[in-house]
Amino acid sequence: MMNRRQFVRATALAGAALWVRAPRAHAATWDLIIKGGRVIDPSAGLDAVRDVAIRAGRIAAVEASLAGDAAETIDAGGKLVAPGLIDIHTHAGRSKEGPPLLVRDGVTGWVDAGSGGADNIDAIADVARGAPQLGRILVNIARTGVTQGGELHDLGQANVALAQGAIARHRDVVVGVKARLSENVAGANDLEALRRAQEAAAPFGLPVMIHIGQSVSPLRAILPLLKRGDIVTHMYAPAPNGILDDHGRLFPDVTLARRRGVLFDFGNGVADHFDWATVERATQQGFWPDTVSTDWNVMSKTTGVVDLPNVMSKFIQFGMPLDRIVACATVNAARVFPSFDDRGTLNVGAPADVAILELRDGSFEFLDNYKGTRTGRLRLFPNATVLAGKLMRSV
Ligand SMILES: [Zn+2]
């Protein structure tokens, strides 16, 4: 919509042409209506059939039945309508092909979690800036970023000054620091690498995300190095040095860390990052994820990840209510990083990012990272994505 000043200017510029086009006054009320879907918006405690109207790239109304005509209408009957999904652990920044693929999955916001370090983050920052949706980056404390052999075996790679330089160069897109702490990445350097990650992040007030599981140091030594707002990804990584003791009981240190504001993220991944037994034992003890993420890359369709809706579906069979699962990929994810403050919600006035999903009934096989399969009766599929008010079809 034009504001008054723009209208006056348009009138002055268009002159007589404007009044000939007077019927424009009867232009559609809404740019887009998503009609009759089951709207799940945990930011508003909403789970009900609603119409969602969009105007000028923003959510304009969410009501049981909306009057007024729309330039475009999506019939969402039988479908699920959620805020655009936010995936806080991806590797979408590795190539410019990544982010548009994620749009098809309903993902309207992503964080690249440490693909790049000080030496190679410039290209990743460019991908984030050029992405169709909101893309942000965690800079790896290792100057090389993620490497096959493990980027922290040589502690010299964890250079605080270089990491800070990378953050300073890319303040517009860098939202935190990443450190991978498993033995095959960091050897015995896990604690010192984490200390350096904190040192790099501190002057900027940024969170640190760590990747746990199979580390040399136990979690009781790692967790005290985390501050409120830091993120533990691969939260259900199996032993050694996961969240459960030898008897399958949750370590008290883990509960304590959560209580003081450390966040726990799923981070599906492909190898070593979760098995069904750990998810089962932890969730039986009430230890659910704050956020559900994929550890996505452009090959994920061919792995047990598939897409974020598939990863979210893995929690249905453990008895997690659907609205809480949706919260993990919308409002909870948005709260982790201030860049996403106005996202993960269908509040009137919010940017019109919407994920239209199908919840299909059937028999679906889900994969952990150890070739373990579980069959579930329900699975979420991406159907269509609205990004900044524009409809992008998934299929
Ligand atoms: Zn990752």
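The values are calculated or read from the model by the stated rules, or taken from the named source; none is laboratory data. Small disclaimer: the values here were computed from a predicted structure and weren't measured. Neighbour counts run over all protein chains shown; Cβ positions are idealised from the backbone, glycine included. Keep in mind that these areas ignore ligands, DNA and RNA; they rest on the heavy atoms of the full protein, side chains included. Shrake-Rupley method; radii C 1.70, N 1.55, O 1.52, S 1.80 Å.
Grab the Cα-Cα distance for residue 28 and residue 302, subtract it from 0.36 nm times how many residues apart they are, and report the gain in nm with one decimal.
Contour length minus Cα-Cα distance gives 94.4 nm.
Calculate one ³J(HN,Hα) per residue across segment 212-222 by plugging θ = phi - 60° into the Karplus curve 6.51 cos²θ - 1.76 cosθ + 1.60, and present them in order as whole Hz with x for glycine and proline.
Per residue, the Karplus-derived 3J(HN,Hα) values read 10, x, 6, 8, 6, 7, x, 4, 5, 8, 7 Hz.
Could you give me the ³J(HN,Hα) list for segment 193-207, computed from phi with Karplus coefficients 6.51, -1.76, 1.60 and θ = phi - 60°, whole Hz, x at Gly and Pro?
4, 5, 4, 5, 4, 5, 5, 5, 7, 3, x, 9, x, 9, x
Enumerate the amide H contacts of residue 178 below 5 Å, restricted to partners 5 or more residues apart or on another chain; note that Pro and chain-start residues carry no placed amide H.
Close amide H contacts, sequence-distant or interchain: 139, 140, 141, 209.
Would you mind pulling out the separation of the Cα centroids of segment 152-196 and segment 315-368, in Å?
Comparing the Cα centres of segment 152-196 and segment 315-368, I get a distance of 29 Å.
List the residues, sorted by chain then number, that are 5 or more residues from residue 50 or on another chain and whose placed amide H is less than 5 Å from its amide H.
Here the answer is 36, 37, 39, since their amide H atoms fall under 5 Å of that of residue 50.
Ranking request for peptides 337-344, 237-244: highest mean number of other beta-carbon atoms within 10 Å first, then the rest in descending order.
Sorting 337-344, 237-244 by mean packing, highest first, produces 237-244, 337-344.
Below 8 Å between Cα atoms, with a sequence gap of 6+, how large is the relative contact order for segment 325-394 in percent?
25
Please work out the average accessible area per residue across segment 168-311, using the 1.4 Å probe convention, and give it in Å².
Ligands and nucleic acids excluded, the figure is 37 Å² per residue.
Just to be sure I understand: of the beta bridges DSSP finds with both ends in the chain, what percent are antiparallel, rounded to 5?
Counting only bridges with both partners in the chain, antiparallel ones make up about 55 percent.
Tell me whether segment 251-373 comes out rounded, prolate or oblate; compute the Cα gyration tensor, take square roots of the eigenvalues as a ≥ b ≥ c, and use a/c under 1.5 as the rounded threshold.
Here segment 251-373 falls in the oblate category.
In terms of modelled amide H atoms, which long-range or inter-chain residues lie less than 5 Å from the amide H of residue 392?
Counting only residues 5 or more places away or on other chains, the set is 385, 386, 387.
Round to the nearest 0.05 the FRET efficiency obtained for residue 155 and residue 75 when R0 = 56 Å and r is the Cβ-Cβ distance.
Calculated value: 0.45.
Averaged per residue, what accessible area in Å² does segment 77-148 show with a 1.4 Å probe, protein chains only?
29
Need one number: nm distance between label points at residue 184 and residue 375, each 7 Å from Cα along Cα→Cβ, rounded to one decimal.
For residue 184 paired with residue 375, the spin-label model returns 3.0 nm.
What figure, in Å² to the nearest 10, do you get for the accessible area of residue 390 with a 1.4 Å probe and non-protein molecules left out?
Rounded to the nearest 10, the figure is 130 Å².
For Cα pairs less than 8 Å apart in space and 6+ apart in sequence, what is the mean separation divided by the residue count of the chain, i.e. the relative contact order in percent?
With pairs under 8 Å counted, the relative contact order is 18 percent.
What FRET efficiency do you get for residue 272 and residue 169 if R0 is 41 Å and r is their Cβ-Cβ distance, rounded to the nearest 0.05?
Efficiency at R0 = 41 Å is approximately 0.80.
Set the Förster radius R0 to 25 Å, insert the Cβ-Cβ distance between residue 195 and residue 96 as r into 1/(1 + (r/R0)^6), and round the FRET efficiency to 0.05.
The calculated FRET efficiency here is 0.15.
For segment 187-291, what's the relative contact order in percent, using C-alpha pairs closer than 8 Å and at least 6 residues apart?
Relative contact order, segment 187-291: 26 percent.
Answer rounded, prolate or oblate for segment 282-354, using the Cα gyration tensor with square roots of eigenvalues a ≥ b ≥ c: rounded when a/c is under 1.5, else prolate when a/b is larger than b/c, else oblate.
oblate
Just going by the charge dipole of the chain, with Lys and Arg at +1 and Asp and Glu at -1 on Cβ, which of 219, 40, 268 is farthest out on the positive end?
Going by the Cα projections, it comes out as 40.
Give me the dipole magnitude in Debye, nearest 20, for the chain about the Cα centre, with unit charges on the beta carbon: positive for Lys and Arg, negative for Asp and Glu.
1120
Residue by residue through segment 248-257, which ³J(HN,Hα) values in whole Hz follow from phi under the Karplus form 6.51 cos²θ - 1.76 cosθ + 1.60 (θ = phi - 60°), with glycine and proline marked x?
Listing the rounded values in order: x, 8, 5, 4, x, 4, 5, 4, 4, 4 Hz.
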